[in-house]
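Below you'll find the structure, written out as structure tokens, and then a few comments.
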Amino acid sequence: MSYSALEIWTVVFVVGIATFAIRFSFVALFGRVETVPPRVETALRYVPSAVLAALVVPSLLVVRPTLGATLVNAELVAGAVAVVAAWYTEDIFATIAVGMVTLHVLRFVGVG
């Protein structure tokens, strides 16, 4: 089934307007509200962590043909080492440095 250029651009335009309306509604809502309700404020604290997890986890968890190949994935091992570094140091720069050094060493050695 083929679609005309007009149909494709109509869908792009409608989806773009819908996305803009959803995002703008939050800006307009919080612009009119004097204070943010405590439950909303509590929920908003978890947004950065959720976004970071949504960006990082898919690149770490790559399913390979075998379980051994999946577990010896260089990105997964480096991510696990970075988690341990984060746990002990509680420093974001140390976590990034340890994770990146581990990833590059594993790639240099030929793991994953």
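Here, each number is a calculation from the coordinates, and none is a lab measurement. Owing to the predicted nature of the structure, the values given are computational and were not obtained by experimental measurement. Cβ sites come from the backbone with ideal geometry, for glycine too, and all protein chains shown count toward neighbours.
A single entry from E34, E7, E75 fulfils the requirement of being loosely packed, with under 11 Cβ neighbours inside 10 Å and assigned to a helix (DSSP H, G or I): E7.
Considering only the range 54-64, state which residues are out of contact with any Gly (no Cβ under 6 Å at 6 or more places or on another chain), part of a helix (DSSP H, G or I) and under 15 Å from A80 (Cβ atoms). Correct list: V56, V57, S59.
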